[in-house]
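Working notes, beginning with the structure itself.
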């Protein structure tokens with residue numbers, strides 16, 4: 001129970017400040033396309049204009065159909081609580097103590113653009129949650145190497161697909177993710193081979209350094225014509 005107190009404190013502070021923000025500010029529509037698509041989805045069950053990303057209108061449509069603007073505010077408050085929980089889990093995955101994880105999550109949750117999103121019909125909080133979830137699952141995959149679980153890999157793919165569906169420009173992160181995974185896999189494979197071969201640690205370091213220098217030399221040296 002003691003380890004859950006920081007998380008409870010974080011969620012309580014987030015809930016109080018989110019409700020206070022909702023009571024002090026009016027609902028606004030910084031992206032008119034989201035407003036039009038959400039209203040159309042809530043009224044007709046379809047969206048004619050697909051220029052605006054559809055993830056948030058499809059996500060917020062039922063809340064708007066149920067209670068209008070108030071439903072959007074309640075949904076945004078729940079998203080704010082979810083964001084606090086994801087930040088906490090992410091810092092815990094980085095081996096931070098529960099108290100420091102709660103304190104470290106507060107700057108993200110209380111960031112002005114994020115806390116003011118409680119009364120805005122847009123996807124900032126939702127896309128931030130999906131991006132942080134992707135980082136969290138990627139960390140868990142990295143901590144489970146060299147034998148990552150298939151379930152985690154599948155979940156990471158689903159989260160990334162949902163994030164791109166919400167913010168298509170997140171596709172720009174795909175090359176970075178691929179490069180990081182390949183570098184991680186190569187390093188682990190080299191270390192695994194050296195361990196199985198019984199090479200001493202000081203020789204491993206020397207061979208590892210030599211191999212990387214040779215790889216960079218081959219990469220940077222001009223190719224000889226055939």
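Which FRET efficiency value, to the nearest 0.05, is calculated for residue 74 and residue 46 with the Förster distance at 30 angstrom and r the Cβ-Cβ distance?
Details: r = 24 Å, r/R0 = 0.80.
Efficiency computed from Cβ-Cβ geometry: 0.80.
What nm value, rounded to one decimal, do you get for the distance between residue 96 and residue 28 when each label is placed 7 Å out toward the C-beta?
Placing both labels 7 Å beyond Cα along the Cβ direction yields 2.9 nm.
Can you give me the distance in nm between label points at residue 19 and residue 150, each placed 7 Å from the Cα along the Cα-to-Cβ direction?
Going from the residue 19 label point to the residue 150 one covers 4.6 nm.
How high is the relative contact order of region 1-125, given as a whole-number percent (alpha carbon pairs under 8 Å, six or more residues apart)?
This gives 39 percent for region 1-125.
Could you list 140, 46, 92 in order of exposure, starting from the residue whose Cβ has the fewest other Cβ atoms within 10 Å? All intermediate terms of the calculation are to be shown ahead of the outcome.
Working: 140 16, 46 8, 92 20.
With the sparsest Cβ surroundings first, the list reads 46, 140, 92.
Any read-out appearing in this document is the output of simple, stated calculations on the displayed coordinates, not a laboratory observation. Values in this document were obtained by computation on a predicted structure and should not be read as measured data. Methodologically, a virtual Cβ is constructed for each residue, glycine included, from the backbone with ideal geometry; neighbour enumeration extends over all protein chains shown.
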